[in-house]
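Peer 1: Following this message is one structure expressed as structure tokens.
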Amino acid sequence: MRQEFYKYQGTGNDFVMIDNRQQTFDKNNTKHVAFLCDRRFGIGADGLILLENHSEYDFKMVYYNSDGNESTMCGNGGRCLVAFARDLGVITDKTVFEAIDGVHHASINGDVVKLQMVDVNNIEKHDNHTFLDTGSPHHVQFEEHIEDFDIKTKGAEIRYGAPYNAAGSNVNFVKKISDDTFTVRTYERGVEDETLSCGTGVTAVAIAMHATKETNKNLINLNVQGGDLKVSFDVEKGIYKNVWLIGPAKLVYQGTI
């Protein structure tokens with residue numbers, strides 16, 4: 001079987017994109033999804049995303065981690081999918097689509113995509129970390145020596161440890177640069193390694209930094225391994241609303257496997 005695919009990346013977070021509007025892709029074949037994401041034997045990616053038809057909205061997003069399992073929301077993947085939909089002619093410069101965590105609004109200008117994320121109203125503040133769900137669960141903690149920190153080892157320790165255990169959590173390590181700028185490195189569950197960028201992760205960091213009074217800004221710059229992202233939001237009675245993830249999303253190449 002030959003599969004046409006497109007490869008996109010958003011600040012180094014890379015995805016295999018497949019146009020599945022004709023429902024030709026076998027969504028139950030976990031091993032095939034993992035093969036396509038394999039960097040040695042397949043195409044190579046942090047995840048695989050299907051673009052499908054939707055009866056009410058412009059399209060539907062179906063996201064798989066590189067281990068082959070369908071997963072929770074992926075912010076950079078959503079941004080890349082908006083660029084893919086634009087390139088396919090499904091949308092022009094604005095869109096409304098459905099993902100696993102609900103309906104998302106987005107806009108695209110050149111290669112910059114603004115994606116509206118879910119509202120956040122439950123932020124757990126602990127002594128040495130913050131936990132919140134921005135479409136995916138995220139553990140956020142400071143790490144001063146972030147440049148040479150062993151992200152994979154320490155991230156896995158936290159991801160599999162209490163209180164997360166089997167369900168697991170993504171893990172974000174943060175260094176404060178200034179009142180509106182933070183450096184972030186993320187260990188992603190499902191990838192089981194550090195990724196160059198994580199959209200729901202930087203969204204979680206921006207909100208966590210505001211909620212813990214590390215910043216009073218509502219437009220935050222996040223420096224990740226793969227580039228720079230921005231997150232903006234409004235706060236109403238402790239609820240973070242109008243949350244937007246902003247950054248580049250680019251086609252890398254297309255092919256057939």
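Readers should treat all values here as calculations from the given coordinates under stated rules, not as data from a laboratory. The structure displayed is predicted, hence computed values, not measured ones. Because the Cβ atoms are built from the backbone with ideal geometry, glycine has one as well, and the counts that use them run over all protein chains shown.
Peer 1: Over what distance in Å are the Cα centres of the stretch 25-67 and the stretch 86-128 separated?
Peer 2: Answer, in whole Å: 18.
Peer 1: What does the charge count near Ala45 come to, summing +1 for each Lys or Arg and -1 for each Asp or Glu among other residues with Cβ under 10 Å from its Cβ?
Peer 2: -1
Peer 1: Something else now. Please arrange Tyr253, Tyr64 by counting, for each residue, the other beta carbons lying within 10 Å of its beta carbon, fewest first.
Peer 2: So the ranking, lowest neighbour count to highest, is Tyr253, Tyr64.
Peer 1: Can you compute 3J(HN,Hα) from phi for each residue in the stretch 94-111, using the Karplus curve 6.51 cos²θ - 1.76 cosθ + 1.60 with θ = phi - 60°, rounded to whole Hz and x for Gly and Pro?
Peer 2: 9, 7, 10, 9, 10, 10, 5, 9, x, 8, 10, 9, 7, 9, 9, 9, x, 10
Peer 1: Counting other C-beta atoms within 10 Å, which of Val171, Val112, Val90 has the fewest, and how do the rest follow? Please report the intermediate quantities before stating the final value.
Peer 2: On the way: Val171 28, Val112 14, Val90 18.
The fewest-first ordering by Cβ neighbours comes to Val112, Val90, Val171.
Peer 1: How high is the relative contact order of the stretch 123-245, given as a whole-number percent (alpha carbon pairs under 8 Å, six or more residues apart)?
Peer 2: 20
Peer 1: May I ask you to list the lysines whose Cα is less than 26 Å away from that of Lys217, ignoring any residue fewer than eight positions away on the same chain?
Peer 2: By straight Cα distance, Lys217 reaches Lys114, Lys125, Lys175, Lys176, Lys230, Lys237, Lys241.
Peer 1: Please figure out what share of the DSSP beta bridges in the chain is antiparallel and state it in percent, rounded to the nearest 5. The partial results should precede the final answer.
Peer 2: Working: 63 of 78 bridges.
Restricted to the chain, the bridges split so that about 80 percent are antiparallel.
Peer 1: What does the helix-only formula give at 222 nm for the chain: each DSSP H stretch with n ≥ 4 adding -39500 (n - 2.57), the total divided by the residues, and the result rounded to the nearest 500 deg cm²/dmol?
Peer 2: Details: 4 runs with 45 residues, N = 257.
After summing the helix terms and dividing by the residues of the chain, the value is -5500 deg cm²/dmol.
Peer 1: Here's something else I'd like to know. Using per-residue counts of other Cβ atoms within 10 Å, averaged over each peptide, order 181-188, 221-228, 46-53, 9-16 from highest down.
Peer 2: Order by mean packing, descending: 9-16, 181-188, 46-53, 221-228.
Peer 1: If you don't mind, another one. For helix 151-160, what angle does its Cα long axis make with the longest principal axis of the chain, in degrees from 0 to 90 and rounded to 10?
Peer 2: That works out to roughly 90 degrees.
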